[in-house]
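Report on the following structure.
The values are calculated or read from the model by the stated rules, or taken from the named source; none is laboratory data. What you see is a predicted model, and the numbers here were worked out from it, not measured in a lab. As a convention, Cβ positions derive from the backbone with ideal geometry for all residues, glycine included, and neighbour counts pool all protein chains shown.
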Amino acid sequence: MRYPNSDERDPFDPVIARALKQWVNRHPTPPAIKQELLRRATLLSPFEAGSRALTDSLFSNMRNAGMLLYRLFAREPFFASTPATAPVNPAAGRYLHMADHELLYSSAGGVGMLSLMG
Amino acid sequence: MIVREDRELVLSLQQDDLDALGHLYDRFKDMVYRTALGITHDPEEAADLLQDVFLRLYRFADRIDPDRPLQPWLYRMTANLAYSRLKRRTRLYKRLRDFAYSLTLESKPAPPKLLEQDEQWRWLEEALAGVPLHQRIVLVLYYINDLSVGEIADILEIPVGTAKSRLHYGRHALKKRLGLNAEMLKEVQYEIS
């Protein structure tokens, strides 16, 4: 048996190619598809645009929420502090601690602000 | 008539230009349809795939690099979608289709000669359908689309050696099913020359 990875050409190649081409040529591309495609694409367009806008808005809001928490509770940059660092504002300590911990954890997991919202 | 380049059309498509989608469809529809038909051996399924491929082209246009040829992307999408669809198709579904097909044949008797030709083409379809799917995709790209083994490997994102191997075993399986053997070789060579 021949080695299957060789660059062989088979003597039957022209016969197989011709038969398969003739077979697919018996089925011309249906003409009505283009109209249906464009109709569906037209319907898709506002949905896609809306979906993109929603996603952008969601991430924008999450980023804003993160910045708000930072301004309210943090006295040091998030990543410079550790859970052992005592917060300046005792009332806010729990939140700072949680936020701090979550951010440190999430930064390792690569999910960014998502855990802050959770 | 001004022929717009693929790059320009893809850039327009990225700006939600439906006209560009229409131009790209006109340019590549036959290529996609033939490939889908070869893999699925089902005109209806191929028509669905044709539409699906171009809808995805529209949806994911912003992920396409306009400086690279579009054809490999279309081939890849067609092969991947056909592969997923055929894998989902259950045996029961196939039996139902065959049953429906037999009913259609019974209700509309065709002229004997036409029926004979149809039988020959069905024989070819069945031979191709009997080749394992991953080998069939390579056969379709090689024989129907005239792509080289290197191009096929690039499209399917597989090593060249794997593409060659799939071509080898796919061709072997198809020849066996078609009954092509060494004894017929002289006759075939005579016919070609």
Completion exercise
B:Asp6 vs (1) away from chain A (no Cβ under 14 Å); (2) closer than 21 Å to A:Trp23 by Cβ; (3) modelled with pLDDT under 90: all pass except (2)
Practice task
Starting from segment B:28-56, keep only residues that are within 10 Å of another protein chain (Cβ to nearest Cβ) and free of Cβ contacts under 8 Å to residues at least 12 places away in the same chain, then list their pairs with residues that are small (Gly, Ala, Ser) and buried (at least 24 other Cβ atoms within 10 Å of the Cβ) whose Cβ atoms are within a distance under 8 Å, requiring at least 6 positions of separation or different chains.
Solution key: B:Leu37/B:Ala46
Practice task
Report, ordered by the first and then the second residue, all pairs with beta carbons closer than 7 Å, sequence separation of six or more or different chains, a first member in segment A:13-29 that is at negative phi and at the interface with another protein chain (Cβ under 7 Å from one of its Cβ atoms), and a second member that is at pLDDT 90 or above and surrounded by fewer than 19 Cβ atoms within 10 Å (Cβ to Cβ).
Solution key: A:His27/B:Pro43; A:Thr29/B:Asp30
Exercise for the section: Say whether the condition of being in contact with a His (Cβ under 8 Å, 6 or more places away or on another chain) and modelled with pLDDT of 65 or more is met by at least one residue in segment A:5-16. Expected result: yes
Handout entry: Subset of segment A:31-45 [over 27 Å from the mean Cα position of the chain (by Cα) and at the interface with chain B (Cβ under 7 Å from one of its Cβ atoms)]
Key = A:Ile33, A:Lys34, A:Glu36
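Among the residues that make up segment B:44-59, is at least one of them among the basic types (Lys, Arg) and within 30 Å of B:Glu125 (Cβ to Cβ)?
Within segment B:44-59, the subset among the basic types (Lys, Arg) is B:56, B:59.
Pick out the ones that are also within 30 Å of B:Glu125 (Cβ to Cβ) and you get B:56.
Yes, because at least one residue in segment B:44-59 is among the basic types (Lys, Arg) and within 30 Å of B:Glu125 (Cβ to Cβ).
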Handout entry: Enumeration of residues in segment B:154-177 that are more than 8 Å from chain A (Cβ to nearest Cβ) and either among the acidic types (Asp, Glu) or surrounded by fewer than 21 Cβ atoms within 10 Å (Cβ to Cβ) (or both)
Key = B:Asp154, B:Glu157, B:Ile158, B:Pro159, B:Val160, B:Thr162, B:His172, B:Ala173, B:Lys176, B:Arg177
